[in-house]
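Read the structure below first, then the notes.
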Amino acid sequence: MGLIVQKYGGTSVGTVERIMRVADRIIEYKNAGNDMVVVVSAMGKSTDVLIEMARQIAPNPSAREMDMLLTTGEQVSIALLAMALQQKGYDAVSLTGWQAGIATESVHGKARIQEVDTARIRSELQRGRIVIVAGFQGISEKGEITTLGRGGSDTTAVALAGSLRADKCEIFTDVSGVYTADPRVVPMAQKLDSISYDEMLELAILGAGVLHPRSVEAAKKYKVKLVVRSSFSQEEGTCVEEAADMETGRVVSGVAHDEDIAKITVVGMPARVGTLSRLFNTLAGAQINVDIIIQSSYDAAVTNISFTVSSDDLVRTLDTLAAYQEALGFDKVEHESGLAKVSIVGAGMITNPGVAAEMFQQLAEQDISIKMVSTSDIKVSCVIPAEQTSLAVRTLHTAFGLDVAEQAVVHGI
Ligand code: ADP
Ligand code: ASP
Ligand code: MG
């Protein structure tokens, strides 16, 4: 008996039949005496469908209207799930983000949750109701509806689990847990029984889409017991927790990839004190996230600066640089898209020299050219041509001894 927060992703609630199956699973927990708070995503690929409709109307629609549009997806699934539970004889109530007390910053498209006022949820629970909350949305202090960024329902679930002090937070998805690589790319990837918050955070930031990075950050901060598991089976999932055993056992715990990388080079920046800070403050002011940065100087007076951004931000980055060319004083901007980033992650790397060298050699043997590199204590990332992503991920997965004999099951739509 306890308080459990669950989250069901788009595939898990992709059809009416699946919503009925999810309702049955929630009922099992409820019958076992648990208070249930359930976060759901929009059905199937409906968020993508909404984005596509908006694009047909405007190439660059207003961010406010985009949030207004996208939050409707979750409103459909919460209402249907509440109806399914009521139909099966259980008292349930659906709540939008603002009804659930989720306050965010005043940013559209990728707002951070600032605080959760749990009063409404608690009072519904006290009345014996199953509470269904719309994922990925909240309200700003200006009273505007906001979204948390793609995949943000995971973060809604963890934020609720943290603020309600839930006994655990279960993320139900279309694979059986966190694997050593995306099982869609590496069928021989292995499911991990547990993984540390730090390793999971790296994997998520580096592209392992199974968890929204901010959900892992929040789980670590609020010590939420987080489990990732399949909504299509009863199989036990992966526990994301403080320093799991595997942290010491294995040098590389997983391989992640991100196929939407663009590289930008600012050519001929004046090499003065404060140059880098001026350039990157300008980009930060335009809400552009910069990743790998390389500075190369060819004489004392000028310098070239290369960095990566996500492909989605490429046009905005080029526009911002064009607008500030005179102020920043550079000659020109070059860019390259169609790139990917493959990364190996593992806490064991700290004490094992030569891991990066092994990665470079494995990629070289497959004729994969490395365009940029970045390292930290627990990861090495290489930027490569996007068309070689699968080959690179599979090669590294095998080379670092992660393959297993049995193929992973993926329940895509
Ligand atoms: P949901 O709609 O349930 O939130 P997502 O598509 O966001 O589901 O996340 C699940 C998907 O994450 C899987 O189908 C898988 O392709 C992908 N994925 C990427 N990396 C990993 C990994 N390391 N382990 C498990 N799944 C991964
Ligand atoms: N529906 C949103 C998306 O597709 C949020 C989520 O699924 O977590 O990104
Ligand atoms: Mg997701």
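The values are calculated or read from the model by the stated rules, or taken from the named source; none is laboratory data. Remember, it's a predicted structure, so these values are computed and weren't measured experimentally. When we count neighbours, we look across all protein chains shown, and the Cβ atoms used for this are built from the backbone with ideal geometry, even at glycine.
Looking at region 156-170, is at least one residue under 17 Å from ASN34 (Cα atoms), away from ligand 2 (no atom under 12 Å from the Cβ), surrounded by fewer than 24 Cβ atoms within 10 Å (Cβ to Cβ) and within 17 Å of the chain's Cα centre (by Cα)? Yes, because at least one residue in region 156-170 is under 17 Å from ASN34 (Cα atoms), away from ligand 2 (no atom under 12 Å from the Cβ), surrounded by fewer than 24 Cβ atoms within 10 Å (Cβ to Cβ) and within 17 Å of the chain's Cα centre (by Cα). Scanning region 175-196 for residues that are within 15 Å of the chain's Cα centre (by Cα) and farther than 22 Å from ALA218 by Cα turns up ALA181, ASP182. The one condition from (1) within 16 Å of ligand 3 (Cβ to nearest atom); (2) in contact with a helix residue (DSSP H, G or I) (Cβ under 7 Å, 6 or more places away or on another chain) that ASP35 does not meet is (1). Here ARG165 meets each of (1) part of a loop (DSSP other than H, G, I, E, B); (2) within 12 Å of ligand 1 (Cβ to nearest atom) with one exception, condition (2).
Just to verify a result, which residue in region 203-213, among those that are part of a loop (DSSP other than H, G, I, E, B) and within 15 Å of ligand 3 (Cβ to nearest atom), is farthest from VAL393 (Cα to Cα)? Selected residue: HIS212.
Pairs meeting the criteria (first residue in region 198-216 and within 13 Å of SER310 (Cβ to Cβ), second residue more than 12 Å from ligand 3 (Cβ to nearest atom), beta carbons under 6 Å, at least 6 apart or on different chains) are LEU206/ALA256; LEU206/SER343; GLY207/ALA256; GLY207/HIS257; GLY207/ASP258; PRO213/ILE205.
Taking only region 183-202 into account, find how many residues are within 16 Å of ligand 3 (Cβ to nearest atom) and farther than 14 Å from GLY346 by Cα.
Within region 183-202, residues that are within 16 Å of ligand 3 (Cβ to nearest atom) and farther than 14 Å from GLY346 by Cα number 2.
Give me a count of the residues in region 40-65 that are of a type in the set (Ser, Thr, Tyr) and away from ligand 3 (no atom under 16 Å from the Cβ). Count: 1. Could you check, for region 137-152, whether at least one of its residues is within 16 Å of ligand 3 (Cβ to nearest atom) and either free of Cβ contacts under 8 Å to residues at least 12 places away in the same chain or of a type in the set (A, V, I, L, M) (or both)? Yes - at least one qualifying residue is present in region 137-152. The number of residues in region 359-413 that are surrounded by 17 or more Cβ atoms within 10 Å (Cβ to Cβ), more than 21 Å from the chain's Cα centre (by Cα) and charged (D, E, K, R) comes to 2.
The set of residues in region 161-182 being charged (D, E, K, R) and either within 16 Å of ligand 3 (Cβ to nearest atom) or at positive phi (or both) consists of ARG165, GLU170, ASP174, ASP182. At pLDDT below 95 and among the β-branched types (Val, Ile, Thr), is that true of ILE378? Judged against the criteria, ILE378 is a match. Applying the criterion of being surrounded by fewer than 24 Cβ atoms within 10 Å (Cβ to Cβ) and touching a strand residue (DSSP E or B) at 6+ places or on another chain (Cβ under 6 Å) to the residues of region 173-191, the residue that is farthest from GLU242 (Cα to Cα) is SER176.
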